[in-house]
1. If you fit an axis through the alpha-carbon atoms of helix 212-222 and take the longest principal axis of the Cα set of the chain, what angle between them do you get, 0 to 90°, nearest 10?
2. Starting from 0 in steps of 5 Å, tell me what percent of the Cα-Cα pairs of segment 116-165 lands in each bin.
3. Ignoring ligands, DNA and RNA, what percent of the accessible area of the chain is carbon or sulfur (1.4 Å)?
4. Looking at the P(r) of segment 217-259, how many percent of alpha-carbon pairs lie beyond 14 Å?
5. With a 10 Å radius around each residue's Cβ, average the other Cβ atoms per peptide and rank 129-136, 290-297, highest first.
6. If the cut-off is 29 Å between C-alpha atoms, which lysines fall inside it for residue 125, apart from same-chain ones fewer than 8 positions away?
7. Rounded to the nearest 10 degrees, what's the angle between the helix 2-39 long axis and the longest principal axis of the chain, both from Cα atoms, 0 to 90?
8. Keeping all protein chains in position, work out how much accessible area residue 272 exposes to a 1.4 Å probe, and write it in Å² to the nearest 10.
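The values are calculated or read from the model by the stated rules, or taken from the named source; none is laboratory data. Bear in mind that the values here come from a model prediction, so they are computed numbers and not experimental data. Cβ coordinates were reconstructed from backbone atoms using ideal geometry, including for glycine residues, and neighbour counts include every protein chain displayed. Heavy atoms of the whole protein, side chains included, go into the accessibility calculation; ligands, DNA and RNA do not. Shrake-Rupley method; radii C 1.70, N 1.55, O 1.52, S 1.80 Å.
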Amino acid sequence: APEFRIDQRAGHHGRVRNRIFREEPEAEAARANLANAIETVQEGFALFDADEKLVLCNTRFGKHMRDVHAQFKPGLPFANYVDIVSQSAFLELPDGMTANQWADQRLLRHREQHVVFNARLAGDKWIQVSEHRTRDGGTVVLQTDVTDMMLIERQERERLLDDQARLIKATLEHLDQGVGIFDREARLVGWNRRMGELLSIPLRRFHLGLPFDTIFDQLSRKLAFQHAADAEALANWAAHDGRRAPLSFEVELGADRILAVFAQHMPDGGFVISFTDITTERGALRAISQVNETLERHVQERTLELQDALAE
């Protein structure tokens, strides 16, 4: 009986071993078929299992990063994969972000169920990275080259910006006010011809990026501020970093011209300054004031004459 049980166990192990031997070629064939299938995918493809280990990937996965591409091998932990990518010389990190910060942000997004983002690479190339969870808790990562799409979008955006700039420029040129537009760094980004005419400053003196301080120095030499505090207030207002309240005052240019100055904060942190010639309006007000004074004097004179007549 013991001998029979030993033979029985030996027979069982033999059958198990034979089944394993039969299944191993089938598993290898299935794995080879899967590898061949993902090679036909146009995107970079990688599969991580539920333990966050790389199972397999195609040759397109990470091909844009030639310095680290060879490190993407089965068994690589996902965290290590992210760290390798963050250190690649071909990854263009966003301004002000370090490789460690990028990796931390990438791992934080990895916790989400579905992830889609664009990454900029050296040579002005772009890839779109998307993650999808599998039923068994694994992760599929796809990398799609979207460089052409990003270039088309950029060209369209630049075209729209150019159209908007031309429209704004044409609008400014039709205004009767002189207008200067400054960015958040107080640098000149837009102006019209009327601004130079009103301030008696040649247009060649204006150029993109001209600091407001330079223009203010020219204004200080040409304009007579009605109140010294207005000049100081304008300089401090332009240099202020936060939100600015609207500012308005009047200045004199020479002996025969009066300009109304209005400064307005813009949502992007820049500001606009406009100059309006109000010489005619102020002249009319002075004329009306003089007429009123003359009328009052005449009325007073007639009143005195009537008083004298009544007294007689």
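1. 10 degrees
2. Distribution as computed: 5, 18, 18, 17, 14, 12, 7, 5, 3, 2, 0 percent.
3. C and S fraction of accessible area: 53 percent.
4. Working: 458 of 903 pairs.
For segment 217-259, the share of Cα pairs beyond 14 Å comes to 51 percent.
5. Numbers: 129-136: 12.8, 290-297: 10.0.
Top of the packing list down: 129-136, 290-297.
6. Hits, sequence-local ones excluded: 53, 63, 73.
7. With rounding to tens, the tilt is 40 degrees.
8. 40 Å²
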